[in-house]
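> Sending over a structure as structure tokens; questions will come in a sec.
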Amino acid sequence: MASPEQVVAALHALYHANDTTQQAQANDWLTSFQRSDAAWQVPFVLLVPQQPDEVQFFAATLLVRKVRSEWTKLDAPSRQGLNQAIRTRFQEVLGWPRVGDLVLRQQCCLLAAVSGASGGEGASELVSQALGLLPSNSLLALRLLTALAEEAEELDRARRLALVNVLLPRARELLGALGALLASAEAQLRSGDSGPAATATAGLQCAEAWLALNPVAGSGCCFTPGELHQQHGGLFGAVLALLACGGGSSDELLEAAVQLLLLVFGPEGYSSDDAPDQAAMSALAQALLACRGRLTAPGSSDTLPAGVAKLAAALAERWPDFCCGSMPEAGPLSDLMLLCLERPGPDMACHTVDYFLMANTVPLAERPPQMRAPLYEAVLQRLVPHASYPPTFTSWEEESELDEDAFGRLREQFLPELLDVAYGLLRLRYLTLAWQLLEAAPSWQTAEAALLLLTAVSLGVKTRVLSDSGGNGGDENSGGGAAVSPAVAEDRRQTGELLAKLFARVCSSEGGGSMLGSHPLLAAATCRLVERYSAWFGRAGGEVPLQGAFQLLLAALPIPAASHVAAQAFQQLCLRCSWKLKDPAAFAWLTEVALAALQHAGGGLPIADRQLVVEGLARVAAGLRGQQLQDAVALLTAPFLQQAQQAASAGAAAPDSATRRSLTHALLLLAAALRFLAPAGDDSGEVGGQPAARVLGQAAPTLRLVSQSPAWQADREAMAAVVEVHRRAIGTARQHGLQLTLVTLPAMATLFAATALPDCLDVAREAVELQSEEPQVAAAALQALEAACGTAAPLLQGGGLRDSPALVSALLALADRCTLATPTAMWCSLVLPPLLQLAVAAVGLREADPVLHALEFIGKLVQTGCSHQEADQEGVTPAHLHASHRVLMAQGPGLVAALLAAVCDTCPRHLMRNAADCIRRMLLNPALTQQTYAWLAAAASSSQLPGVADGYLSAEDCATFAAVAPRLRGPRFLALVLDFGLIARGHNTSDVLLAYEL
């Protein structure tokens with residue numbers, strides 16, 4: 001048994017030892033000690049005034065934890081003795097000459113924990129004791145009362161309900177006493193005496209805890225605002241008075257008052273009578289307005305304006321129609337929120353944004369005049385400093401004052417919605433303000449903020465300017481065909497002119513150079529602006545600076561902070577404006593400058609950004625037709641083909657890192673070029689008649705050299721790039737890819753034999769999916785599958801199955817696809833037995849993908865022969881049925897056992913029904929029905945079945961399952977298997993089986 005001296009020594013080592021190993025050992029020993037029976041007695045020996053505060057705190061905390069977690073495990077005499085000892089020690093602690101504040105708090109928590117664990121026993125007496133202490137020892141009384149109320153949050157539903165039922169009858173008396181206490185404290189604080197601040201703070205925290213008392217956790221305040229105002233006016237008035245007086249310059253007191261009021265005016269709890277709630281909300285609004293003078297006082301902290309903003313937002317959220325409409329204080333309250341918005345800091349802005357968003361939910365006609373468009377113009381002007389980077393900002397690494405997360409949260413989560421609201425009310429005025437801000441920007445920070453304002457409302461602006469009465473379809477931003485009013489038409493015209501003026505400046509050589517050269521963040525904002533308005537470039541009438549926009553984006557690629565945004569914008573601009581670039585000369589110019597920009601950017605530009613640029617060029621090329629398309633594809637892909645060929649040849653023996661990088665990037669860019677190339681012609685011509693097929697044919701020697709080179713085969717990234725080229729070619733060809741598929745399947749089989757990359761099998765499966773109707777493809781696919789099985793078999797031996805879930809998943813997915821494409825050949829194939837064996841083993845994995853593909857393959861196999869009509873339609877003959885049944889009979893016991901074990905343990909929850917359905921299908925197969933019932937009974941009675949050893953499944957449960965299963969069909973059988981599996985997992989009880997015996 002551990003002694004008190006050992007505990008003290010361990011605590012000293014934990015808190016004061018310089019050796020981390022010694023600290024870890026002390027922590028482990030103390031953790032073990034807390035689980036022992038001695039941990040009930042030793043803390044009482046340590047709770048003496050001679051021990052240091054840290055030892056006393058540990059002892060009290062340990063008792064709190066023991067009571068909360070182990071109280072019900074003690075017998076009644078032990079609980080009674082401990083209860084008396086804890087109360088006695090509490091009285092002794094009150095007589096000590098000095099008690100640490102944290103120790104005293106834990107003593108209060110200990111008394112509350114005992115009452116909570118005992119179902120509220122003794123809680124009413126503790127309330128009486130605390131109320132008696134309130135005049136003489138207010139802080140102690142308040143902490144004890146707070147601990148009692150807060151203890152309910154730590155309890156389960158039954159004990160919480162018992163404790164709440166004891167405490168709530170005392171709430172009226174307690175809240176009255178707290179009201180008097182807080183009123184007295186407020187009067188002293190108003191007179192300049194700061195002494196009662198700590199008592200008032202504790203009183204507010206105590207009131208908040210008692211107001212949150214509810215039988216159901218998380219139900220908010222147990223009073224509505226109107227009820228608290230009417231029934232406990234003293235407390236409500238005292239809290240508002242403390243808020244109005246500023247908490248006597250105590251930030252902690254102010255925060256406590258705000259938190260209490262946020263609880264009272266939260267979104268929960270509404271009364272049937274609106275008048276009391278309206279009176280309470282008006283009273284709070286008047287208290288907030290009384291704070292106006294202190295908001296502007298020099299040197300005031302941010303606690304008060306933050307609290308005012310939170311409470312105003314809570315009012316607006318609770319009842320926007322009243323708070324931002326008919327309430328007499330609505331207009332002045334909105335002015336007060338503008339005053340709060342003038343305070344610096346992103347968190348302050350976030351608090352106020354909620355208020356203005358809720359105000360916008362009230363119809364304009366029901367708002368005071370000052371809360372319409374003029375309010376949001378004032379909001380917009382005050383938001384600019386919040387949205388701007390600090391004047392001294394250079395990078396986040398060097399920034400010490402502004403919080404990056406809070407700033408990002410404001411700009412990305414709060415501002416976009418509010419700015420969209422402002423644009424909806426201001427329209428052209430909003431854009432004009434942003435344009436003027438950009439024109440007169442004294443710094444890059446202001447210019448970047450102006451671009452943010454324009455970018456945030458891009459969807460609304462495009463909807464406004466690009467929709468017309470004629471209805472421009474084909475774009476998500478186009479409007480419907482209704483006639484527009486002259487005012488809307490004029491606004492649309494002026495908006496279009498402003499956008500033309502904006503992008504004429506941004507995309508000019510002088511303006512663009514200024515935007516890109518001032519700061520990387522301004523460069524990124526400029527590229528993001530072009531991306532968001534790319535639809536305008538594509539659909540706006542008249543001259544648009546399209547060439548300047550492309551040059552701007554390409555010039556931004558070497559800037560690390562802007563490269564990704566620039567590449568995305570380039571891709572989108574190509575997509576939106578492809579119809580404007582159908583001239584071969586225009587495409588040739590764009591390709592030349594883009595490839596030159598990629599070369600200029602150097603190796604620092606990520607490959608993902610390079611791919612975006614190439615994909616954009618491919619989208620433009622796809623808009624051409626005939627020979628122009630072929631020429632454009634050749635122009636685009638020639639540099640990558642050449643780079644890949646050179647790198648492949650140079651590294652055939654032993655490629656260095658630069659050569660490997662060069663080859664991989666060239667192939668990935670080639671794949672990106674293939675991704676969006678539409679097919680030309682059909683399958684009647686040679687394989688080279690299609691753009692993707694022609695490129696693949698040109699790349700074939702290089703791909704073959706890489707695939708067959710042992711040096712390159714060792715480079716997984718290079719091999720993955722080869723596979724990606726084939727994947728993109730197949731995806732581009734779609735239904736016109738028969739010849740391409742016949743080239744890809746053997747290529748992937750060969751590459752898989754050399755590298756065992758699962759991606760090779762995925763590409764083969766995709767090729768079969770696209771051309772599954774063709775007999776040639778089915779035969780080639782089965783041949784590729786047989787070769788893949790020979791390659792994968794040794795890799796999946798032993799622990800290889802669990803170590804290679806991706807390989808298992810890819811192989812079974814290809815087998816499943818081949819089963820659909822050529823079932824007759826599949827059932828007679830020599831690879832069927834090992835594939836079924838693999839699927840049976842894969843069912844026992846925990847990864848979802850291999851289990852899913854294994855179940856799909858098994859389901860199709862056991863389905864064969866269930867319906868003769870279906871079999872005849874698929875061309876399945878008796879010989880095919882006999883072949884598949886022979887395989888199933890050989891592996892049936894293991895298959896059924898694996899499926900039932902998966903349902904009971906390893907199978908992911910969302911696939912349990914799939915596994916059960918495989919058993920159901922086996923029962924529907926006439927040739928397997930009786931054997932399957934026998935196999936199922938044997939599997940259920942096995943001592944190795946998951947759940948048996950853990951005690952979840954009894955022998956009676958397994959016998960009941962085996963007896964009931966033959967009597968059920970269809971959904972009822974599936975439900976039985978699933979419920980049985982849930983019992984084995986510990987998620988259900990044996991009682992559920994009773995329903996199936998009826």
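The values are calculated or read from the model by the stated rules, or taken from the named source; none is laboratory data. Keep in mind it's a predicted model, so treat the numbers as computed, not measured. Note that we place each Cβ from the backbone using ideal geometry, even for glycine, and neighbour counts take in every protein chain shown. Just so you know, the surface numbers come from the protein's heavy atoms only, side chains and all, with ligands and any DNA or RNA stripped out. Shrake-Rupley method; radii C 1.70, N 1.55, O 1.52, S 1.80 Å.
> Please give the peptides 692-704, 260-272 ranked by average Cβ packing (other Cβ atoms within 10 Å per residue), highest first, as a rough proxy for protection.
So the peptides 692-704, 260-272, ranked by packing, come out 692-704, 260-272.
> Taking all protein chains as present, what is the carbon and sulfur share of the accessible area of region 425-467, in % to the nearest whole number, probe 1.4 Å?
55
> Along region 134-151, what does the Karplus equation 6.51 cos²θ - 1.76 cosθ + 1.60 (θ = phi - 60°) give for ³J(HN,Hα), rounded to whole Hz, x for Gly and Pro?
With coefficients 6.51, -1.76 and 1.60, one gets 4, x, 9, 9, 4, 4, 5, 4, 5, 5, 5, 5, 5, 4, 4, 5, 6, 4 Hz.
> Next question, about the same structure. May I ask you to rank CYS245, CYS323 by accessible area, largest first, using a 1.4 Å probe over the protein chains only?
Ranking CYS245, CYS323 by accessible area, largest first, yields CYS245, CYS323.
> Let me ask something else about it. Working from Cα positions, state the angle (0 to 90°, nearest 10) between the long axis of helix 233-244 and the longest principal axis of the chain.
For helix 233-244, the angle is close to 70 degrees.
> Probe of 1.4 angstrom, ligands and nucleic acids ignored: what's the accessible area per residue over region 1-101, in square angstrom?
Each residue of region 1-101 exposes 56 Å² on average to a 1.4 Å probe.
> Can I ask one more? For LYS66, LYS73, give me the order by solvent-accessible area with a 1.4 Å probe, most accessible first, ignoring ligands, DNA and RNA.
Solvent-accessible surface, decreasing: LYS73, LYS66.
> Taking the Cβ-Cβ separation of ALA995 and GLN188 as r and a Förster radius of 60 Å, what is the calculated FRET efficiency to the nearest 0.05?
The calculated FRET efficiency here is 0.30.
> PRE reach from GLU252 (point 7 Å along Cα→Cβ): which of region 296-324 fall under 18 Å by backbone N?
Counting backbone N atoms under 18 Å from the label point, the list is 301-304.
> How much accessible area does VAL362 have with a 1.4 Å probe, in Å² rounded to the nearest 10?
Roughly 0 Å² of VAL362 is accessible to a 1.4 Å probe.
> How far, in nm, would the chain grow between TYR270 and ALA38 when pulled straight, counting 0.36 nm per residue and subtracting the alpha carbon separation?
Gain in length upon complete extension: 78.5 nm.
> Taking 7 Å along the Cα-to-C-beta vector as the label spot, tell me the GLU5-ARG846 distance in nanometres, rounded to one decimal.
With each label placed 7 Å out from Cα toward Cβ, I get 4.7 nm.
> Can you tell me, using C-alpha contacts under 8 Å and at least 6 residues apart, the relative contact order of the chain as a whole percent?
Relative contact order of the chain: 4 percent.
> Which FRET efficiency value, to the nearest 0.05, is calculated for ARG802 and VAL45 with the Förster distance at 60 angstrom and r the Cβ-Cβ distance?
0.70
> Further, regarding this structure: Take each of the peptides 914-922, 654-662, 326-334, 293-301, average the number of other beta-carbon atoms within 10 Å over its residues, and list them starting from the highest.
The densest-packed peptide leads the list: 914-922, 326-334, 654-662, 293-301.
> Roughly how many percent of the accessible protein surface of region 1-138 is carbon and sulfur, given a 1.4 Å probe and a whole-percent answer?
Carbon-and-sulfur percentage of accessible area, whole number: 51.
> Counting Lys and Arg as +1 and Asp and Glu as -1, each charge on the Cβ, what is the dipole of region 852-998 about the Cα centre in debye, to the nearest 20?
Using only the charged Cβ atoms, the result is roughly 200 debye.
> At 1.4 Å probe size, with no ligands or nucleic acids counted, give the accessible surface of VAL992 in Å², nearest ten.
About 40 Å², rounded to the nearest 10.
> Rounding to the nearest 20 debye, state how big the charge dipole of region 1-77 is about its Cα centre with +1 on each Lys and Arg Cβ and -1 on each Asp and Glu Cβ.
280
> In whole angstrom, how far apart do the alpha carbon centroids of region 814-860 and region 901-915 sit?
For region 814-860 versus region 901-915, the Cα centre distance is 17 Å.
> Residues with beta-carbon under 10 Å from that of CYS577, excluding CYS577: net charge, scoring Lys, Arg +1 and Asp, Glu -1?
Around CYS577, the surrounding residues sum to +4.
> If you don't mind, another one. With unit charges on the beta carbon (Lys/Arg positive, Asp/Glu negative), name the residue among LEU529, LEU581, VAL613 whose Cα is farthest towards the positive pole of the charge dipole of the chain.
Most positive-ward Cα: LEU581.
> When ligands, DNA and RNA are left out and all protein chains stay put, how many square angstrom of accessible area per residue does region 207-349 have with a 1.4 Å probe?
Using a 1.4 Å probe on heavy atoms only, each residue of region 207-349 averages 34 Å².
> If you find the alpha carbon centre of region 785-804 and of region 489-561, how far apart are they in angstrom?
Each part's Cα centre sits 54 Å from the other's.
> Where nothing but the Cβ of Lys and Arg (+1) and of Asp and Glu (-1) is charged, how large is the charge dipole of the chain around its Cα centre, in debye to the nearest 20?
1240
> Enter the per residue convex hull volume of the chain, computed from alpha-carbon coordinates, in Å³ rounded to the nearest integer.
That works out to 260 Å³ per residue.
> Measure out, as a whole number of angstrom, how far apart the alpha-carbon centroids of region 960-997 and region 72-108 sit.
51
> On a full-extension model of 0.36 nm per residue, what is the gain between GLU366 and GLU173, subtracting their alpha-carbon distance, rounded to one decimal in nm?
In short, 65.3 nm is gained.
> A further question on this structure: For region 224-229, take each phi angle, set θ = phi - 60°, evaluate the Karplus expression 6.51 cos²θ - 1.76 cosθ + 1.60, and give the result in whole Hz per residue in order, putting x for glycine and proline.
With coefficients 6.51, -1.76 and 1.60, one gets 6, x, x, 5, 5, 5 Hz.
> Additional query: Hey, what do the phi angles of region 890-905 turn into as Karplus ³J(HN,Hα) couplings, whole Hz, using 6.51/-1.76/1.60 and θ = phi - 60°, x for Gly and Pro?
Those phi angles translate into 5, 10, x, x, x, 5, 5, 4, 5, 5, 5, 5, 5, 4, 7, 8 Hz.
> Still on this structure: Go through 213-219, 856-862 and give me the packing order, highest mean Cβ count within 10 Å leading.
Order by mean packing, descending: 856-862, 213-219.
> Still on this structure, please answer the following. Tell me, what is the per residue accessible area of region 837-967 in Å², probe radius 1.4 Å?
Result: 44 Å² of accessible area for each residue.
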